Ligand code: CP
């Protein structure tokens, strides 16, 4: 079997990935996705490996999908969260990492409220560090699973496609990673947010910025709604009219391309990010498929990062 040429040690953000790397991840994820759906879930590709999931910020999807992904590949997972750990007694992040590495794991998946935490932790690690979301900075595995959905729907044809990212772009690591990834593949990106929640000026080139939601989605092929992230907001950033201006409703979907896809990284604030009457039953929604894809994409990533000379399985 041919080996995959994979040169990366860690995953901090999507910016380090080439088009070829992205294609490898999506193709491998598709192999796992199809097998997962068919009920073929047991592999020994990571047999005997120990993977630490170090989460110091809350998570449902990312944590569980990494755990399920690792276990389906045959690895054993070990979960550490800062609540209940010795970090509560004042142990520093660097000492925590030195302690984890002394246990000789094979990889460490890190979620943190601090931007740059995964990269910082890698300076204490001789095993792959995978960023599962760090502060406002990046959420590379979310962007890759979002891309998987677009790739499936558009059959890998990104040329001429446009997506609008709606909502709290300013505080969103999901938006940042997605914009990098989508632009790299030639997808045109619009954002729509109140001015106080648009990203800091000058960060991205080529992104069209809107404040009017109906104009922002005219003719687009996908809409990605974001969660309004109250935990990251200083007072006064959210206009009182936010839900009436930026919530995705049936009227908003009707302005887009008839085959528009609706994505959201979750968790959703009903009637703030997306109207509750379209949540769960809109034909355009890919939200549950995003969660399903999350397992397959993380299986692909764990295999590529944990196994030197991983084999082409497809
Ligand atoms: N999308 C996402 O990161 O969700 P969780 O916070 O539930 O992991």
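The values are calculated or read from the model by the stated rules, or taken from the named source; none is laboratory data. Note that this is a predicted model, so its numbers are computed, not measured. With ideal geometry, Cβ positions are generated from the backbone for all residues, glycine too; neighbour counts draw on all protein chains shown.
Key figures
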item	result
Single match in 19, 25 (criterion: more than 16 Å from the ligand (Cβ to nearest atom), touching a helix residue (DSSP H, G or I) at 6+ places or on another chain (Cβ under 6 Å) and in contact (Cβ under 8 Å) with a residue 12 or more places away in the chain)	25
Complete set of residues in the range 34-61 that are without any contact (Cβ under 8 Å) to a residue 40 or more places away in the chain and within 16 Å of the ligand (Cβ to nearest atom)	58
Within the range 185-199, tally of residues that are part of a helix (DSSP H, G or I) and either crowded, with 22+ Cβ neighbours inside 10 Å or under 16 Å from the mean Cα position of the chain (by Cα) (or both)	1
Enumerated helices (runs of 4 or more DSSP H) restricted to the range 242-314, each holding at least 1 residues that are in the same structural domain as residue 106 (by TED's automatic domain parsing) and either within 20 Å of residue 65 (Cα to Cα) or touching a helix residue (DSSP H, G or I) at 6+ places or on another chain (Cβ under 9 Å) (or both)	287-306
For residue 64: the one exception among (1) modelled with pLDDT of 95 or more; (2) surrounded by fewer than 14 Cβ atoms within 10 Å (Cβ to Cβ); (3) within 16 Å of the ligand (Cβ to nearest atom)	(2)
Among residues of the range 6-16, those that are free of Cβ contacts under 8 Å to residues at least 24 places away in the same chain and either within 17 Å of residue 181 (Cβ to Cβ) or assigned to a helix (DSSP H, G or I) (or both), counted	1
Test: residue in the range 220-241 that is part of a loop (DSSP other than H, G, I, E, B), assigned by TED's automatic domain parsing to the domain that holds residue 153, touching a strand residue (DSSP E or B) at 6+ places or on another chain (Cβ under 6 Å) and modelled with pLDDT of 95 or more	yes
Residue in the range 84-95 that is crowded, with 17+ Cβ neighbours inside 10 Å and part of a loop (DSSP other than H, G, I, E, B) present	no
Cross-chain or 6+ apart pairs with Cβ under 7 Å, the range 282-295 first and closer than 10 Å to residue 264 by Cβ, then within 12 Å of the ligand (Cβ to nearest atom) and in a loop (DSSP other than H, G, I, E, B)	287/264; 287/266
Single residue of the range 291-314 satisfying the filter (closer than 26 Å to residue 263 by Cα and touching a strand residue (DSSP E or B) at 6+ places or on another chain (Cβ under 8 Å)) that is nearest to the ligand (Cβ to nearest atom)	301
